[in-house]
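Following: one structure in C-alpha cells, then a few remarks.
The values are calculated or read from the model by the stated rules, or taken from the named source; none is laboratory data. Predicted model only: the values in this text are computed from it and were never measured. Heads up, the Cβs are rebuilt from the backbone with ideal geometry, glycines too, and the neighbour counts pull from every protein chain shown. For the accessible areas, the whole protein counts, side chains as well, though only heavy atoms, and no ligand, DNA or RNA atoms are used. Shrake-Rupley method; radii C 1.70, N 1.55, O 1.52, S 1.80 Å.
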Amino acid sequence: MSNIEQTLSIIKPDAVERNLIENIKSIFTSNNLNIKETKKIHLTKEEAAEFYSVHQSKPFYDNLCSYLSSGPIVVMILEGENAVLSNRKLMGATDPKNAEKNTIRKLYGISIDKNSVHGSDSVDNAKKEINFFFKN
Ligand code: CMP
C-alpha cells in the first residue's frame, strides 16, 4: 500500500555558501522525493530559536540558533513514498563522520554543526515544521 508523506528539508548555510543547492536537490529528485515548494530565506536568530525550540535545553542550542541564522538557507517541502524516513536515509547520521557512504552529510557535511541539511524526524514534526515555513 502506498504511503505518500510530506517532510521538511533545510539546506543549511554551509551548503548554500558552497553552492550545493542544486547538487542536494538532485539527490532528492533522483530518489523519488518531489520538491513541492522551495524558497531561499535568511532567518533572524529569534526565528531560528523558535524553529529549534525542542532543543532549547541542550548545551548546543545557542550555537545552533546562531549558526542557522548566519546566512541564507533553502527550505523545501519534499513529497513522496515514506518521505520522512526516505529523506533521513538520504541525509545520513547527524554527525557527518558517522554518516554512511553517499549520504548528503557524508558527501558534503563539514561537522556536526555544519552538517549541510536538516530533515523532520517524524510525520508529526514534519507537519509542524512545514507549517512554520509555509503558512498560507
Ligand atoms: P539537525 O538535524 O538540524 O537538528 C539539530 C541540530 O543540532 C543537528 O542537526 C546538528 O547540526 C546540531 N547539533 C550540534 N551539536 C549536536 C549534538 N551534540 N547532538 C545532536 N545535534 C547537534
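Quickly run through region 99-119 and pick out the residues that are part of a loop (DSSP other than H, G, I, E, B) and closer than 14 Å to I11 by Cβ.
So the first thing to find is which residues in region 99-119 are part of a loop (DSSP other than H, G, I, E, B), and the list is 99-103, 109-116.
Hits for region 99-119 are G109, I110, K114, N115, S116.
Given the criteria open to solvent by less than 20 Å² (accessible area, probe 1.4 Å), more than 17 Å from E47 (Cβ to Cβ) and among the hydroxyl-bearing types (S, T, Y), does T103 qualify?
Yes.
Can you run down the residue pairs with Cβ atoms below 8 Å, 6 or more apart or on separate chains, where the first is in region 54-72 and open to solvent by 70 Å² or more (accessible area, probe 1.4 Å) and the partner is within 8 Å of the ligand (Cβ to nearest atom)?
Partner pairs satisfying both residue conditions: K58/L64; F60/D113; N63/D113.
When you go through (1) surrounded by 18 or more Cβ atoms within 10 Å (Cβ to Cβ); (2) away from the ligand (no atom under 12 Å from the Cβ); (3) over 29 Å from S2 (Cβ atoms) one by one for E46, which number turns out not to apply?
Exception for E46: condition (1).
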